[in-house]
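Here the structure is laid out as structure tokens; the discussion comes afterwards.
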Amino acid sequence: MSFESPSEPARRSLAVQCCIVGGGPAGMMLGYLLGRAGIKTVVLEKHADFFRDFRGDTVHPSTMQVMLELGLLDDFLKIPHQQLTQMQGMFGSTPVQIADLSRLNTACPFIALMPQWDFLNFLDTKGARFPGLQVLKSTEATELVRDGARITGVVAATPQGPLHISADLTVACDGRHSILREQAGLKIEDIGAPIDVLWFRVGKRKTDSDGIFARLHRGQMMVTIDRDDYWQCAYVIAKGRIDDIKAREIDAFRENVVSLVPILRDHIDDVKSWDDVKLLTVRIDRLTQWALPGLLCIGDAAHAMSPVGGVGVNLAVQDAVAAANILFDKFGAGGPSIEDLEGVQKRRLFPTRMTQTMQTVVQDRIINRALSGEDLKPPLAVRVINALPWLQGLTARLLGIGVRPEHVHSPEKT
């Protein structure tokens, strides 16, 4: 960093090859990969740490395969986590199994249930060994800097005042409410999501478990994730109905929850008030154009995913791997070209479209039926999958590996 003399207004500045805005899964993985490849990189995280609740906490086999390829898997699996191998649900009173990840031929044939802050802290700690990588916390990008039509960096707010960062490439990983993509004027295609989700925690005994991941009953749907000493709960509602639900007493909400998931009854008083219930406004959208000269959007900044399947973290990681593979050797004079950046979109657009299409099918044909109050029975496709174990392996592959999985090709600079 450079500073003006004490008699002049302080102007703090930093010059890097790549400035990544947002310390989520996409940003931290891309920072790790570029730092590993010897690219001078800074990751800006607006919060002081990674600790935020009710974020995507599912790490899928595709992400753990990336960890294996980076030589990080053994240490990664030492982080406390739970392992989910079968995806089981209830349609009314009918149990079904829709995926069996144990059938996957991969290093980790399961979904690791791990707080996202542990995942991000792990990447932060492991990336500290790369001399060209910095992770600046409490540092929020507030403004894009331009030179004509090209993005040349950002201005960031820090506790010490503004920081001016010049970069050959700026990567927006700042989520579905991305400030950078808004300032860049990039257009969003709204795919549509008819649901929202209420997130909350309910305590549990470690021995409590019924193996059911999702429950759909007439007028209601809920997902429960076993986090060892508590349940992470997602109560699905029709979009825009939050005020109607909150208009009732919290006792009525608690009673609805335990009628749907009786195993929660002993600890449902952990939900003391509506302050303990957080609204996730669900969006499914994607940018029509992911890049401008000097700027690339990936992860949720490029495509917001529904929580259906819990795949958002893993799509973000796959974007980061693809971006590093395509761009690591393009940081010569002036940095990656617009054609290079458009190559990332071309690589990742098909998996994004396919995943979002599958999410909308589930929303429209299954979840909406439950929330509309229909007498719910498993659809024919679900009944067939439940009856044929080999099909549960195919659904596990779609869920756990995804469409066009990425593998690490960017090198480690020695």
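The values are calculated or read from the model by the stated rules, or taken from the named source; none is laboratory data. Computed from a predicted structure; not experimentally measured. Ideal geometry is used to build each Cβ from the backbone, glycine not excepted, and the neighbour counts take in all protein chains shown.
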Of all the residues that make up the stretch 287-312, how many are modelled with pLDDT under 95 and either among the basic types (Lys, Arg) or part of a loop (DSSP other than H, G, I, E, B) (or both)? 4
Per the list (1) in the same structural domain as residue 179 (by TED's automatic domain parsing); (2) surrounded by fewer than 24 Cβ atoms within 10 Å (Cβ to Cβ); (3) not acidic (Asp, Glu), residue check on residue 103 breaks on (1)
Within the stretch 177-230, which residues are among the aliphatic types (A, V, I, L, M), within 30 Å of residue 150 (Cα to Cα) and within 19 Å of the chain's Cα centre (by Cα)? 179, 180, 188, 191
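Yes/no per residue for (1) closer than 20 Å to residue 88 by Cβ; (2) of a type in the set (Gly, Ala, Ser); (3) assigned by TED's automatic domain parsing to the domain that holds residue 31:
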{"position": "303", "(1), (2), (3)": "no, no, yes"}
{"position": "323", "(1), (2), (3)": "no, yes, yes"}
{"position": "327", "(1), (2), (3)": "no, no, yes"}
{"position": "335", "(1), (2), (3)": "no, yes, yes"}
{"position": "340", "(1), (2), (3)": "no, no, yes"}
{"position": "350", "(1), (2), (3)": "no, no, yes"}
{"position": "369", "(1), (2), (3)": "yes, no, no"}
{"position": "402", "(1), (2), (3)": "no, yes, no"}
Residues (among the charged types (D, E, K, R) and buried (at least 17 other Cβ atoms within 10 Å of the Cβ)) located in the stretch 174-204: 174, 176, 181, 196, 201, 204
Residue identified as out of contact with any helix residue (DSSP H, G or I) (no Cβ under 6 Å at 6 or more places or on another chain) and of a type outside the set (Ser, Thr, Tyr) among 234, 238, 172: 234
What is the one condition in (1) within 21 Å of the chain's Cα centre (by Cα); (2) surrounded by fewer than 22 Cβ atoms within 10 Å (Cβ to Cβ); (3) modelled with pLDDT of 90 or more that residue 59 does not satisfy? (2)
Taking into account only those residues within the stretch 313-366 that are in a helix (DSSP H, G or I) and among the small types (Gly, Ala, Ser), which is surrounded by the most Cβ atoms within 10 Å (Cβ to Cβ)? 323
Name every residue in the stretch 395-414 that is within 20 Å of residue 356 (Cβ to Cβ) and either basic (Lys, Arg) or part of a loop (DSSP other than H, G, I, E, B) (or both), in order of residue number. 397, 401, 402, 403, 404, 405, 406
Residue 170: passes all of (1) under 18 Å from residue 342 (Cα atoms); (2) surrounded by fewer than 22 Cβ atoms within 10 Å (Cβ to Cβ); (3) of a type outside the set (D, E, K, R) but (2)
Within the stretch 294-309, which residues are over 26 Å from residue 148 (Cα atoms) and in contact with an Asp or Glu (Cβ under 8 Å, 6 or more places away or on another chain)? 299, 303, 304
The lone condition residue 258 fails out of (1) in contact with a helix residue (DSSP H, G or I) (Cβ under 6 Å, 6 or more places away or on another chain); (2) assigned by TED's automatic domain parsing to the domain that holds residue 31; (3) within 28 Å of residue 85 (Cα to Cα) is (2)
Matching helices (runs of 4 or more DSSP H) fully within the stretch 156-269 where at least 3 residues are charged (D, E, K, R): 242-246, 250-260
Here is a check on your reading of the model: is residue 136 modelled with pLDDT of 95 or more, in the same structural domain as residue 176 (by TED's automatic domain parsing) and touching a helix residue (DSSP H, G or I) at 6+ places or on another chain (Cβ under 9 Å)? no
For the stretch 178-209, the count of residues that are within 24 Å of residue 306 (Cβ to Cβ) and either touching a strand residue (DSSP E or B) at 6+ places or on another chain (Cβ under 9 Å) or hydroxyl-bearing (Ser, Thr, Tyr) (or both) equals 21
